[in-house]
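Enquirer: Structure below; questions to follow.
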Amino acid sequence: MAEKTQGAIFAVGTATASTKVITAITAANPPQVTSATHGYANGAIVFITGVVGMTQVNNRAFVVANQATNTFELKGVDGTSYTAYASAGTAALKTMTTVGETRVAGPGLDGESQEIDTTNLLSTSKEFLLGLSDDGTLSGSCFITTDTGQARLRSLRESGALEAFSITMPSGKVLALMGRVKSFGVNEISPDNALQGSFSIRVSNAVAWFA
């Protein structure tokens with residue numbers, strides 16, 4: 001069923017809490033993370049890094065689900081093909097701030113993989129393997145304001161730092177990703193118009209898709 005997008009919220013990370021130690025992650029759908037007294041709420045965005053063994057979860061942003069005192073799930077992620085967790089790792093809660101007056105968040109996030117040509121002299125037609133998935137660039141536009149979210153985008157464009165971003169649908173579905181702000185600038189200034197800007201965020205690593 002189609003889903004309305006009016007009311008969706010585009011947000012950027014503006015702070016990172018102290019880390020919580022991870023002691024286990026299940027290779028499941030979704031993965032369950034064990035972290036004693038983590039204190040996370042369902043729907044929160046967390047950043048995971050430093051895991052040994054199940055390296056597929058490193059340097060990614062995830063949405064917390066089914067939280068309990070010592071465990072939480074990575075919402076919408078299928079980890080059944082991930083390598084087994086061995087040791088270590090930390091999770092850190094991200095403070096997400098709405099980017100005000102956002103008009104469009106997209107297109108992008110196409111997940112297209114590089115084509116690796118394996119054609120040889122005995123091939124009867126072109127042969128290919130698929131390389132790593134590239135989740136692309138999240139582009140968007142907004143009316144220029146002085147709010148905290150837009151100020152954060154400008155700061156990240158200048159620093160080039162890696163940060164968390166999220167899109168929350170009116171239904172409660174959330175997409176989370178890590179990326180770097182490639183551009184944030186002012187569009188055309190013309191009569192009978194409002195001051196508008198555009199932004200471009202280069203995605204780094206895999207996206208935690210809407211769920």
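Quick note: the coordinates plus some simple rules give every number you see, no bench work behind them. None of the values given here were measured: they were computed from a predicted structure. Quick reminder, even Gly has a Cβ in these numbers, built from the backbone with ideal geometry, and neighbours come from all protein chains shown.
Enquirer: Please arrange THR34, THR69 by counting, for each residue, the other beta carbons lying within 10 Å of its beta carbon, fewest first.
Expert: Values: THR34 16, THR69 9.
Ordered by Cβ neighbours within 10 Å, fewest first: THR69, THR34.
Enquirer: Using Cβ contacts closer than 10 Å as the measure, can you line up LYS94, LYS173, LYS20 from fewest to most? Each step should come with its number before you reach the end.
Expert: Values: LYS94 24, LYS173 16, LYS20 21.
Ranking LYS94, LYS173, LYS20 by Cβ neighbours within 10 Å, fewest first, gives LYS173, LYS20, LYS94.
Enquirer: While we're on this one: First select every other residue whose beta carbon is under 14 angstrom from the beta carbon of SER183; then total the charges, Lys and Arg +1, Asp and Glu -1.
Expert: Details: positive: ARG154, ARG157, ARG180, LYS182, ARG202; negative: GLU158.
So the surrounding residues net to +4.
Enquirer: Would you tally the net charge around THR98, using a Cβ to Cβ cut-off of less than 13 Å, leaving THR98 out, and scoring K and R as +1, D and E as -1?
Expert: Details: positive: ARG152; negative: GLU101, ASP147.
Every neighbour counted, the sum reads -1.
Enquirer: Still on this model: R0 = 22 Å: FRET efficiency of THR83 with ASN120, Cβ-based, nearest 0.05?
Expert: Numbers: r = 31 Å, r/R0 = 1.40.
After rounding to 0.05, the efficiency reads 0.10.
Enquirer: With Cβ to Cβ distances under 13 Å as the rule, what net charge do the other residues near GLU112 carry (K, R +1; D, E -1)? Mind showing how you got there, number by number?
Expert: Values: positive: none; negative: ASP110, GLU115, ASP134, ASP135.
Every neighbour counted, the sum reads -4.
Enquirer: Just report the Cα centroid separation between segment 123-184 and segment 42-71, whole Å.
Expert: Segment 123-184 and segment 42-71 have Cα centres separated by 19 Å.
Enquirer: For the residues LEU121, LEU153, LEU195, LEU130, what sequence is obtained by ranking on other C-beta atoms within 10 Å, fewest first?
Expert: Details: LEU121 4, LEU153 21, LEU195 13, LEU130 10.
Listed from fewest to most nearby Cβ atoms, that is LEU121, LEU130, LEU195, LEU153.
Enquirer: Here is a further query. Loop by DSSP (not H, G, I, E, B), at most 12 other beta-carbon atoms within 10 Å: where is the longest site-free stretch of the chain for GluC sites (Glu not before Pro)?
Expert: On the way: sites that count: GLU3, GLU127, GLU188.
That would be 4-126.
Enquirer: Taking 7 Å along the Cα-to-C-beta vector as the label spot, tell me the LYS173-PHE143 distance in nanometres, rounded to one decimal.
Expert: In this crude spin-label approximation the distance works out to 2.8 nm.
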